[in-house]
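None of the figures in this text is laboratory data; all of them are computed from the coordinates on show. Keep in mind that what you see is a predicted model, and the values were worked out from it rather than measured. Note that we place each Cβ from the backbone using ideal geometry, even for glycine, and neighbour counts take in every protein chain shown.
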Amino acid sequence: MNDAAITVNGLGKRYRLAAPARYGSLRDSLAALARGAWRRPTAGEDFWALREVSFSIAPGEVVGVIGRNGSGKSTLLKLLARITQPTTGEARIRGRVGSLLEVGSGFHPELSGRENVYLGGAVLGMRRAEITRRFAEIVAFAEVERFIDTPVKHYSSGMYMRLAFAVAAHLDTEILLIDEALAVGDAEFQKRCLGRMGELGRAGRTVLFVSHQLGAVRSLCTRALLLEAGALRQDGPVEAVTAAYLGGGDAAGVAEQIARAPADDPVFRWLALAVEQAGQPTTAVFADQPVRIVLDYEVRERIHGLRVFIDLLDENHELLVRTFHDEHQDAAAAPAPGRWRSVAELPARLLAPRAYWLQVQATIHDVRAVAGPGITVRLDVQRAGGVNRAYPEEPIRARLQPLVAWRTEAA
């Protein structure tokens with residue numbers, strides 16, 4: 001007998017992407033109709049958001065789900081929460097499920113906070129008696145006591161988010177599915193969210209937690225699942241899986257990532273990536289010199305909104321800087337088919353002496369990622385130059401260290 005709280009076998013979800021619209025003149029359309037050449041619009045391509053994913057989670061386990069944007073994390077939780085149906089495979093759930101997939105789902109702007117607690121609790125599966133029993137705790141956690149009878153349309157975004165999380169996090173459920181709950185709210189609220197989820201785990205609840213914040217995943221979870229391009233790449237102890245997620249950042253690792261990227265994407269293909277300083281390829285750089293990131297890729301079809309971008313991440317994989325290759329252009333680019341090179345330059349005196357990660361990805365704006373999850377490179381920055389010369393042993397605590405112009409004079 002299988003006593004797992006969650007059992008997933010061969011789970012997959014396929015979407016049909018619309019074919020790019022091709023517009024002709026009215027004269028061309030009438031001529032084609034007269035020739036009997038009118039055709040139905042061509043079908044779009046299949047896109048597998050999730051494919052052949054299998055795992056099981058025991059009761060009381062707290063499991064993190066990590067991966068880059070577009071890897072299938074949110075799709076997995078939506079399938080487990082029965083929000084959408086799988087294309088292939090099955091997911092068996094033992095126990096009552098609470099989910100926080102979209103903060104504020106079920107809230108109505110015209111209703112008061114009190115009314116929305118009951119409405120939101122009902123949407124998330126709570127009975128009225130359960131909500132009444134937990135009401136004071138929910139309101140205290142959200143810190144909205146003074147405004148609980150005010151319509152939530154008058155709430156600040158922070159108040160709204162706190163109340164929505166409080167409702168979801170105080171469910172009496174055996175299984176809790178959480179998608180990026182820490183992406184909202186201020187630092188103090190995020191700390192309390194972490195504390196609450198830790199309490200749920202210690203109380204024996206089964207928790208599946210999706211997050212880009214690897215520090216939070218490491219502190220809450222003992223196990224992690226790594227998704228890549230819709231497939232389960234690794235399942236194991238949280239430290240090993242997060243290390244695999246961040247790993248592969250040297251030259252050999254970059255080549256392996258490019259070789260592993262889907263070669264059949266009809267729009268885009270990665271060719272090469274190099275990090276350079278002073279004209280030499282290197283991933284160990286000095287803080288007082290600029291860093292060049294050279295991207296070579298092939299465009300296979302002219303698509304408006306095709307963009308290449310770079311994320312600069314700290315050692316906990318938290319986003320510090322995101323920059324797009326076309327962010328200074330006035331209109332959406334549509335590069336012609338062929339081979340292209342994009343070069344980004346991080347200025348000198350931006351990075352602190354510490355380890356960073358560069359993630360390079362390509363996307364069709366507001367449509368989908370292309371050519372898989374992209375490429376990750378580790379960047380090791382060495383101290384250099386004259387910052388803090390009088391205090392050479394002073395540690396650099398900030399995640400960035402831009403050059404700041406100071407002037408001090410007698411007043």
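For the stretch 322-370, the spherically averaged projection of the C-alpha convex hull amounts to 5.1 nm². Cβ-to-Cβ counts within 10 Å put 118, 155 in ascending order as 118, 155, the fewest first.
For the stretch 200-285, the percent of C-alpha pairs falling in each 5 Å distance bin, counted from 0 to the bin holding the largest distance, reads 3, 11, 17, 18, 15, 15, 11, 6, 4, 2, 1, 0.
Distance between the 7 Å Cα→Cβ label points at residue 407 and residue 145: 5.1 nm. With no solvent and one point per C-alpha, what does the Debye sum give as log10 I(q)/I(0) for the stretch 251-382 at q = 0.17 Å⁻¹? Rounded to two decimals, the profile gives -0.91.
With neighbours defined as other Cβ atoms within 10 Å of a residue's Cβ, the residues 227, 312 order from fewest to most as 312, 227.
Here's the list of lysines a cross-link from residue 191 could span, going by alpha-carbon distance under 26 Å and ignoring same-chain residues fewer than 8 apart: 73, 78, 153. Peptide packing for 274-281, 87-94 was compared via the average number of neighbouring C-beta atoms within 10 Å per residue; ordered from the highest value, the list is 87-94, 274-281.
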